[in-house]
Amino acid sequence: MCPMHTSVRQSPDGAVERPDRRQRSIARRPGYPLLLLLQRMTSELEYYGARMRRRAGVRRTDMHAVSAVVEAERRDEEMTPGRLGTMLGLSSSSVTALVDRLCEAGHLDRGTARSDARRVALHANDTGRRVAAELFDPLDHALMEVFDRYTPAELELFGRMIGDITAATADAGGPVRANGSATANGSARNGNAGNASTGTGAVPVDGLPADGRARDA
């Protein structure tokens, strides 16, 4: 979240701002300690995702793809290969290879889209949902125990803050993906409502496809 580059920026009056000066300005603002906590949380989520991927024997992109399909089904939305490719920042050939691999592994099934019988829709099967549960259930339960310590009003405020942070992250990282969904970051939850862990939006397990960058398909 902190600037890591050394480029310069012009202020409205034409003066050139140095990155270190901008960073010092940020550090003086009241929310800076929270910014540091969010950075640490993001790192811990990435470490968690890496550990769980190794344990389940799945690739990062595979995990995000299955998560996106499960989340779309939870929302009663259809996930097509094209939409999945846009969400994950993959080329047409890469998403085709990804879908082929996941179908062959028994994690996803191809079907006919409700909106257009000529189009393909992707569905998570029992194997895919089981893998998703193995990846995210431990984190979901751990976070729900934390949430249980707070009042409904506090949780409502936290939810609004997370929503605003998610939107700001998507805007800062570049154009919003098609459909505006941040779910590819990973909320395959076995259909869990509430999405206690990072799959709510773009706070991604593993750095989120929320940024729309190409993954290691």
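Figure the gain on full extension for Ser92 and Glu104 (residue separation times 0.36 nm, minus the Cα-Cα span) and round it to one decimal in nm.
Residue separation times 0.36 nm, minus the Cα-Cα distance, leaves 2.5 nm.
When the chain is fully extended, how far beyond the present Cα-Cα distance does Glu44 get from Glu154, taking 0.36 nm per residue of separation?
Here the answer is 37.3 nm.
Testing the spin-label approximation: label points 7 Å from Cα along Cα→Cβ at Ile162 and Val146. State their distance in nm.
Each label point is offset 7 Å from its Cα along the Cβ direction, giving 0.9 nm.
For Ala121, enumerate residues with amide H under 5 Å from its amide H, sequence gap 5+ or separate chain, H modeled in the peptide plane.
Gly111, Thr112, Ala113
Please identify the chymotrypsin sites (Phe, Trp or Tyr not before Pro) of region 135-176 that satisfy two criteria: DSSP loop assignment and at most 12 other Cβ atoms within 10 Å. Which are they?
Tyr150
Bear in mind these aren't lab numbers, they're just calculated from the coordinates by the rules spelled out. Predicted model, so just to flag it, every value in this text is computed and none were measured. Using ideal geometry, Cβ is built from the backbone for each residue, glycine included, and neighbour counts are taken over all protein chains shown.
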